[in-house]
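Novice: Okay, handing you the structure first.
The values are calculated or read from the model by the stated rules, or taken from the named source; none is laboratory data. Quick caveat: nothing in here was measured; it's all calculated off a predicted structure. Note that each Cβ is placed from the backbone with ideal geometry, even for glycine, and that neighbours are counted across all protein chains shown.
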Amino acid sequence: MGAVIGVIGGGQLARMMIPPAVALGIEVRVLAETEGSSASLAATAVGDYRDAATVLAFAFDVDVVTFDHEHVPQEVLAALVAAGIPVRPGPDALAVAQDKLVMRARLGALGIPVPAWAEVRDRSELAQFLAANGGAAVVKTPRGGYDGKGVRVVRDAADADDWLAAGPVLAEELVVFRRELAQLVARRPSGELAAWPLAETVQVGGVCAEVIAPAPDGGSLIVEAREMAAAIAHGLEVTGVLAVELFETVDGRLLVNELAMRPHNSGHWTIDGAVTSQFEQHLRAVLDLPLGDPSPVAAVSVMVNVLGGPAGAHLPDRYPAAFAAHPDVKFHSYGKDSRPGRKVGHVTATGGDADAVRTRARAAAGFFDS
Ligand code: ADP
């Protein structure tokens, strides 16, 4: 069928779409921000994704456009649609992922449980929210945040003055959670949906550190999370992969924290731990092809992120020792310059016993601590 997918953004998510595309004989072309990006192997263009002319020139002869991130402006998405180029997920769905205030409002309208929240425009409104919510709040910038940047716990109404100077912010109750979970699904334009098992995610300093799948002791949450993600995917008409980040509260309720409409860190384990990875599934879904089986191939998969450190470790430098110690662990490098705190790779271990698999995955990732 000679399918060509244009991916906007050259980060690790675009990079990890390349191997399944090669396997399936689907052509992936990437519009990267810079030379030498993570996805440079498939980068046919380098340019600014905020510039409509650049994006149209990149996309004019692809079959479908999809994304490595959610930051492409609505005007640029509209220009693609006007040019007759299929955009998946579409502009209306992406608008929800692009702005946390819009996201909260739309989730509320769909009847999806979310933390108590308010749009806050100034210090006095924040003071009111704090007073109504036990004196603490999580304040978020509506746009552009990632990996905990743009998220702050505040206890004093003056604590968000810098952000309020730039416009309204989202204030949320500080959720006391037992753990964080993520439900990943994929949806085709025709409506077919596939769900991977519910996963548990562990964040350190707002950054995902590790993921265990399936989430231990999921119980009734398994069905609840799947139904919630399906309702969101259908309700917002998401096409491609949708990640729903969840809090499990101490009293056993699920609240939606975040949505991502693209492959997501909580699903990296699927490359080595599921019949169909989130990256292959995303390609299938945006091309409106029948979806693959999302079943896990092992009882337990644990993914541990590798973050760059002060020493600037290049993952392959450490492969001789890491591979020798862990022949059964899968290593993934994003081909990025290592900067402190930056996600530069991940490892995945699979097996039968959760504690043993977690120990192996952590030990393998530990080879890249600098
Ligand atoms: P980002 O867009 O940067 O990933 P998130 O909204 O996902 O930001 O928040 C990052 C992390 O901060 C979450 O994974 C969670 O650990 C914590 N967090 C976010 N919102 C809340 C909240 N309302 N209550 C408690 N913790 C929160």
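Novice: Return the pair list, or none, for Cβ contacts closer than 6 Å from residues in region 175-186 that are under 20 Å from Lys140 (Cβ atoms) to residues that are assigned to a loop (DSSP other than H, G, I, E, B) and within 10 Å of the ligand (Cβ to nearest atom), at least 6 apart or on different chains.
Specialist: Taking only residues 6 or more apart or on different chains, the pairs are Val175/Pro115.
Novice: The conditions are (1) hydroxyl-bearing (Ser, Thr, Tyr); (2) near the ligand (Cβ under 8 Å from one of its atoms); (3) modelled with pLDDT of 95 or more, and Tyr146 fails exactly one of them. Which is it?
Specialist: (3) is the only condition that Tyr146 fails.
Novice: Output the qualifying pairs, or none if there are none: Cβ atoms under 6 angstrom, residues six or more apart or on different chains, first residue in region 311-323 and closer than 9 Å to Val344 by Cβ, second residue modelled with pLDDT under 90.
Specialist: Matching pairs, first to second residue: Ala313/Ser338; Ala313/Ser370.
Novice: Restricting attention to region 216-237, which residues are among the charged types (D, E, K, R) and not in a helix (DSSP H, G or I)?
Specialist: Selection gives Asp217, Glu237.
Novice: Got at least one residue in region 35-56 being at pLDDT 95 or above, β-branched (Val, Ile, Thr) and in a helix (DSSP H, G or I)?
Specialist: Scanning region 35-56, I find at least one residue that is at pLDDT 95 or above, β-branched (Val, Ile, Thr) and in a helix (DSSP H, G or I), so the answer is yes.
Novice: Another question about this same structure. Run down Glu200, Glu173, Glu119 and say which single residue is modelled with pLDDT of 95 or more and under 22 Å from the mean Cα position of the chain (by Cα).
Specialist: Numbers: Glu173 fails: under 22 Å from the mean Cα position of the chain (by Cα); Glu119 fails: under 22 Å from the mean Cα position of the chain (by Cα).
Only one candidate passes the filter, namely Glu200.
Novice: A further question follows. Among (1) out of contact with any strand residue (DSSP E or B) (no Cβ under 8 Å at 6 or more places or on another chain); (2) over 26 Å from Gln203 (Cβ atoms); (3) in a helix (DSSP H, G or I), which single condition is Phe279 missing?
Specialist: The one condition Phe279 does not meet is (2).
Novice: Would you tally the residues in region 159-195 being more than 16 Å from the ligand (Cβ to nearest atom) and hydrophobic (A, V, I, L, M, F, W, C)?
Specialist: 8
Novice: Answer yes or no: is there a residue in region 200-212 that is in contact (Cβ under 8 Å) with a residue 24 or more places away in the chain, surrounded by fewer than 17 Cβ atoms within 10 Å (Cβ to Cβ) and of a type in the set (D, E, K, R).
Specialist: Checked region 200-212: no residue is in contact (Cβ under 8 Å) with a residue 24 or more places away in the chain, surrounded by fewer than 17 Cβ atoms within 10 Å (Cβ to Cβ) and of a type in the set (D, E, K, R).
Novice: Right, here's the next one. Note down all Cβ pairs under 6 Å where the first residue falls in region 66-82 and is farther than 14 Å from Ala93 by Cβ, the second is in a helix (DSSP H, G or I) and of a type in the set (Phe, Trp, Tyr), and they're at least six residues apart or on different chains.
Specialist: none
Novice: Looking at region 90-100, is at least one residue more than 15 Å from the ligand (Cβ to nearest atom) and basic (Lys, Arg)?
Specialist: no
Novice: Within the bounds of region 334-357, is there any residue that is exposed (fewer than 14 other Cβ atoms within 10 Å of the Cβ) and part of a helix (DSSP H, G or I)?
Specialist: Looking for residues that are exposed (fewer than 14 other Cβ atoms within 10 Å of the Cβ) and part of a helix (DSSP H, G or I), one finds at least one in region 334-357, hence yes.
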